[in-house]
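Chemist: Let me give you the structure first, and then I'll get to my questions.
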Amino acid sequence: MTTAAIPSRSILSLENPQHRLFLFVLLIGAAVLSPNITMPAGIPAIRLEQLVMGLMLPSLALFHLRNRQYLRLTLLDGVFLLLAVAITTSIILAPTIVASVDWSIRDPFEVARVVEYWLMYRYGMTLVPSEYTARTILYSLLGGSILMTAFSLIQYLDGLGQFNEVVTDWWSVGHNLVGVQREGRVIGTIGNANYYSFFMALPIIGGLAIVLLKKQLPTREALAFVIVGVVASVVSAVLSQSRTGAASILFGMTAGLLLVLAFRRPAAPFKAIGLFLGSVVLAVAFIQVQPPLVDSFNSRFNPTKVGDDASFIIRIQRFKTFFTGFFAEKPAFCEGDTLDKRLVSPSHKPRDGALVSTAPPEVLARDATRKADVATITNGVLAYFCEEGSWPAGEGLEEKLVPDHMPSMPVDPQTGEDYLTSIDGSGFWVGAELEDPADPDGPNYALGTNPNIIRNPSFDGTSAWGAREAATLESVDGGLFSNKALKVTIPPGGDVRQFIVFDFPLGVIHTAAAWIKSDTGKDEQMQLYILGQEAGGGEHDPVNYLIKQPDGSYIQCKDLERASVVAEECRGIFTAPASGQWVPISVVFLTDPRQRFTTVQFMLRSNDTESTTFLVDGAQMTQGDFAPSFLRVSDVDPASLRPVDLPQFSDSPYVGVGPRNNAEAGSFDNEYVLFLDRFGLLGAGPYLAMYFCAIAVAIGAWRKRARFMDVMGLTGFAFTMTLLLFNVGAGSYYHFAIMAIYWLFMGYLATSKRIPAGEAVTEPSSSSEPSPATKPSPRVTPGREAPQASAVRRD
């Protein structure tokens, strides 16, 4: 009886080596093609490869019981176990250590993820380490890349009209689909341009490894197939327009080439390098000839424009938030530092002569009273904090402050109304509306602790600000504060913007404000526009503006829109008068109470009908329902602020703060930082060990020169190096499709230990290889695996 003749009890039987190989390739195909299948009750989505593996579990267990030599454990098995234990420990302990951490029904699936990757690794180890198996795996990856590239070309050109809206939408969500539609970035069935580029590194490296080591293939057609597969994979990687993917692929390929140069003289290095470079040139030329958006490729890879790129800015800012809590400064006002005496930044000082007061003495006297009253209330709030350890948030401010912290609650000297207050768990503002329009402390004299989270608000240069769609910006003299202002020219559809990266609290009022001035001798109309982005990529375009009523209550602009009422205040449109006077502008908005904003865009736009040119100064965004005086507000990079309702790594550095499945927050694009944040030092150790062990497995396979294993080992090593750099700017662990294929591949590399040491390398003597069904095989007992040394022809 031959191995191929072993009867299969079911389609999922693993007794036949060829059957195991078929199911291996089936798992790869399922991982590549599967969309995320949404589940109810907040349970994570499931995928086709997970379903296939689930169905295979009984057969996999039975196979190991019948073939106990496969039960031998490896170092990676122990690392997977340690990782599962570390994650479980974090899930259990984090809620007891950090008050803002709660348990979620999704948390156990973090451990299930580790189990899935381990099962893929163990299944890969059941394959027979033969040249036929290795080539089948590589051919499958290369063939899949050819088909995927054809699919991606349709995505890129949208050649079937509504293809992306109807078909691509199966695999993509939110901003990823927008990237395909607006920027011409392909995502294949991987669902994300960065991950798609990273995935293509595997067939690229595998095909180039064959060429680099000059492996003899059965036919010329097979070699042509490999070359076409490499070219197709490079085309897909380039069409994705992923800078993270491109840098990672180059790094991994370089590491692989250095490994070959260090330990073996490569047979055809220039052929491999030439094939890759030629493919890149071909792909870039195609983009330049037929771009969905003009200059989209050039703008993404232009080094001079990296600092203006949204994704780059957001990643850098998000990375900085990881250190929040370690270097936070404690407030000094409990040691006698009153806010009305606090020195502000020189960039906030009004320029001499910029504002000229013509107000009568009685107005100046009332404003002086208002300032004194604000200082009195502020000192009472500070006294309350220093005694109670928290801010007097909520209703009944007068009852909390009077008489323990101040004798009485003052009111406005002219209207008799209460002063402006905004107090919550993060800080406060107390303010008064001034009558003198030329008072540099206006329009609202305010004292408080909540900071301005706009970077470079006085426009000393143009850093932190970017322009789109032919808009221009220039730092010029003649500003209202300090001496600089930003001169902007914005055509219809253009804008000047800043990305504010911060985990904004849910359902909290904020105010965005600035000062504008016309220097063209005519009225200039502009729009202050605020756009919110969720962690998952959803956009609130614009955010929910609020309109204040005479009784102090607010109407939400979204409610007016639902009632088909047009409110000019909801558009945020303002006019800089032809007189050249500086005028304040502001909009009040509410963050979404259900979905957390992790990025807000502060935008200056035209009125969408004609170009506008104006000066802007004193930009700010603060928590509260009024804009405090720019003179009195302190500037803080939002990356250094702690969200009061979210845990931080500094709260629990050893076991982390858990998966955070109960709280939607901005995710770190750096996976090493993400793992430290979620699972602490306890989880980061086995996480890193997992990849270092994978490198050891790949090098062990590389050292085997028989059965095509050196090609597979080199591919595994270079792809792992690609992964290590990719995780700096993105991350791979949480991408099921890529990790399933990666650990299947690593499992197969681990079979190299079953190849006898010192086995000679022999090339095929004929131009064709016997089909799997006709290969000679030794007699075996049903249910038992044939001895590996004689089960396959030595290559």
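Chemist: Taking a ≥ b ≥ c as the square roots of the eigenvalues of the Cα gyration tensor of the stretch 580-640, is the shape rounded (a/c under 1.5), prolate (a/b larger than b/c) or oblate?
Modeler: Oblate, since a/c reaches 1.5 and b/c is not below a/b.
Chemist: Also, quick follow-up: Relative to the present Cα-Cα distance, how much length would full extension add between ILE273 and GLU335 at 0.36 nm per residue of separation?
Modeler: That works out to 15.7 nm of additional length.
Chemist: Here is a further query. At 1.4 Å probe radius, can you tell me the per residue accessible area of the chain in Å²?
Modeler: 42 Å²
Chemist: Then there is this: Based on the alpha carbon coordinates of the stretch 406-536, what radius of gyration and maximum Cα-Cα distance (Dmax) apply, in Å?
Modeler: 18.0, 58
Chemist: Can you give me the distance in nm between label points at SER579 and ARG468, each placed 7 Å from the Cα along the Cα-to-Cβ direction?
Modeler: In this crude label model, SER579 to ARG468 measures out at 3.5 nm.
Chemist: In whole angstrom, and with the biggest value first, how far do the Cα coordinates of the stretch 362-412 range along each principal axis?
Modeler: 39, 18, 18
Chemist: Right, here's the next one. Would you mind finding the longest exposed-site-free stretch of the chain, with exposed GluC sites (Glu not before Pro) meaning DSSP loop and at most 14 other Cβ atoms within 10 Å?
Modeler: Result, exposed sites excluded: 1-328.
Chemist: Each label point is 7 Å from the Cα along the Cα-to-Cβ direction; what then is the distance between the points at GLN549 and ASP608, in nm?
Modeler: 2.7 nm
Chemist: Can you give the Kirkwood hydrodynamic radius of the stretch 428-491 from its Cα pairs, in Å with one decimal?
Modeler: Roughly 14.0 Å, rounded to one decimal.
Chemist: Taking the square root of 5 times each eigenvalue of the Cα gyration tensor, what semi-axes in Å does the equivalent ellipsoid of the stretch 53-99 have, largest first?
Modeler: Value: 33, 14, 6 Å, ordered largest first.
Chemist: Quick check for me: using +1 on Lys/Arg Cβ and -1 on Asp/Glu Cβ, what's the dipole size of the chain about its Cα centre, in debye to the nearest 20?
Modeler: Computed about the Cα centre, the dipole is about 6160 debye.
Chemist: How large are Rg and Dmax for the stretch 388-467 when calculated on the C-alpha trace, in angstrom?
Modeler: Spelled out, the Cα radius of gyration and Dmax of the stretch 388-467 are 16.6, 52 Å.
Chemist: Then there is this: Would you calculate a helix-derived [θ] at 222 nm for the chain, using -39,500 (n - 2.57) for each DSSP H run of n ≥ 4 and dividing by the full residue count, to the nearest 500?
Modeler: Counting only the DSSP helices, I get -13500 deg cm²/dmol.
Chemist: Here is a follow-up. How long are the semi-axes of the equivalent ellipsoid of the stretch 7-62, defined as square roots of 5 times the Cα gyration tensor eigenvalues? Whole Å, largest first.
Modeler: Value: 25, 13, 7 Å, ordered largest first.
Chemist: Out of the trypsin sites (Lys or Arg not before Pro) in the stretch 53-89, which ones are loop residues according to DSSP with at most 15 other C-beta atoms within 10 Å?
Modeler: Loop-located and lightly packed - ARG72.
Chemist: Here's another thing I want to ask about it. Give me Rg/Rg_expected for the stretch 175-215, where Rg uses Cα atoms only and Rg_expected = 2.2 N^0.38 Å with N residues.
Modeler: Taking the Cα Rg and dividing by 2.2 N^0.38 Å, one obtains 1.54.
Chemist: Still on this structure: Which cysteines does the chain leave without a neighbouring Cys Cβ under 4.7 Å?
Modeler: Within the chain, the cysteines lacking a partner Cβ under 4.7 Å are CYS693.
Chemist: Also, quick follow-up: For the stretch 651-742, what is the largest minus smallest coordinate of the Cα atoms on each principal axis, given in angstrom and ordered from greatest to least?
Modeler: Over the stretch 651-742, Cα extents along the principal axes are 51, 23, 19 Å.
Chemist: What is the Cα coordinate range of the chain on the first, second and third principal axes, sorted by size from largest, in whole angstrom?
Modeler: Over the chain, Cα extents along the principal axes are 109, 57, 52 Å.
Chemist: I'd like the orientation of helix 671-702 relative to the chain: the angle between its Cα long axis and the longest Cα principal axis, in ° from 0 to 90, rounded to 10.
Modeler: For helix 671-702, the angle is close to 20 degrees.
Chemist: Return the inverse of the average 1/r over all pairs of distinct C-alpha atoms in the stretch 335-479, which is the Kirkwood hydrodynamic radius, in Å to one decimal.
Modeler: Across the stretch 335-479, the inverse of the average 1/r is 17.6 Å.
Chemist: Only Lys, Arg, Asp and Glu count, each charged at its Cβ (+1, +1, -1, -1), so figure out the dipole size of the stretch 443-573 about its Cα centre, rounded to 20 debye.
Modeler: Value, rounded to 20: 180 debye.
Chemist: Additional query: Quick one: what Rg and Dmax do you get for the stretch 127-278 from the alpha carbons, in Å?
Modeler: In order Rg, Dmax, the Cα atoms of the stretch 127-278 give 16.5, 52 Å.
Chemist: Compute the length gained on full extension between VAL356 and ALA696: take 0.36 nm times their separation in residues and subtract their Cα-Cα distance, giving the result in nm to one decimal.
Modeler: 115.0 nm
Chemist: At a Förster distance of 45 Å, what's the computed FRET efficiency of ASP418 paired with ASN36, Cβ-Cβ distance as r, to 0.05?
Modeler: Calculated transfer efficiency: 0.30.
Chemist: How large is the direction-averaged shadow of the alpha-carbon convex hull of the stretch 564-671, in nm²?
Modeler: 11.2 nm²
Chemist: How large is log10 I(q)/I(0) at q = 0.16 Å⁻¹ when the Debye formula is applied to the Cα atoms of the stretch 43-155, each weighted equally and without solvent?
Modeler: Debye curve over Cα of the stretch 43-155, log10 I(q)/I(0) at q = 0.16 Å⁻¹: -0.99.
Chemist: Ok, one more. Averaging over all projection directions, find the projected area of the Cα convex hull of the stretch 126-173 and quote it in nm² with one decimal place.
Modeler: Average projection, Cα convex hull of the stretch 126-173: 4.7 nm².
Chemist: Between PHE109 and SER650, how high is the FRET efficiency from 1/(1 + (r/R0)^6) when r is the Cβ-Cβ distance and R₀ = 35 Å? Nearest 0.05.
Modeler: 0.85
Chemist: Given the convex hull over the Cα atoms of the stretch 152-237, what projected area results after averaging over all orientations, in nm²?
Modeler: The Cα convex hull of the stretch 152-237, projected and averaged over all directions, gives 6.1 nm².
Chemist: Residues of the stretch 502-529 with amide nitrogen under 14 Å from the 7 Å Cα-to-Cβ point of GLU561?
Modeler: Only 529 fall inside the zone, counting backbone N under 14 Å.
Chemist: Scaled to the compact-protein estimate 2.2 N^0.38 Å, what is the alpha-carbon radius of gyration of the stretch 614-684, rounded to two decimal places?
Modeler: Relative to the 2.2 N^0.38 Å estimate, the stretch 614-684 comes out at 1.54.
Chemist: Continuing with the same structure: Please quote Rg/Rh for the stretch 472-614 to two decimal places, taking the Kirkwood radius as Rh and restricting both calculations to Cα atoms.
Modeler: Looking at the stretch 472-614, the ratio lands at 0.98.
The values are calculated or read from the model by the stated rules, or taken from the named source; none is laboratory data. Every value quoted in this text rests on a predicted model; they were computed, and no experiment measured them. Glycine gets a Cβ as well: all are built from the backbone with ideal geometry, and neighbour counts include every protein chain shown. Accessible surface areas use protein heavy atoms only, side chains included; no ligands, DNA or RNA. Shrake-Rupley method; radii C 1.70, N 1.55, O 1.52, S 1.80 Å.
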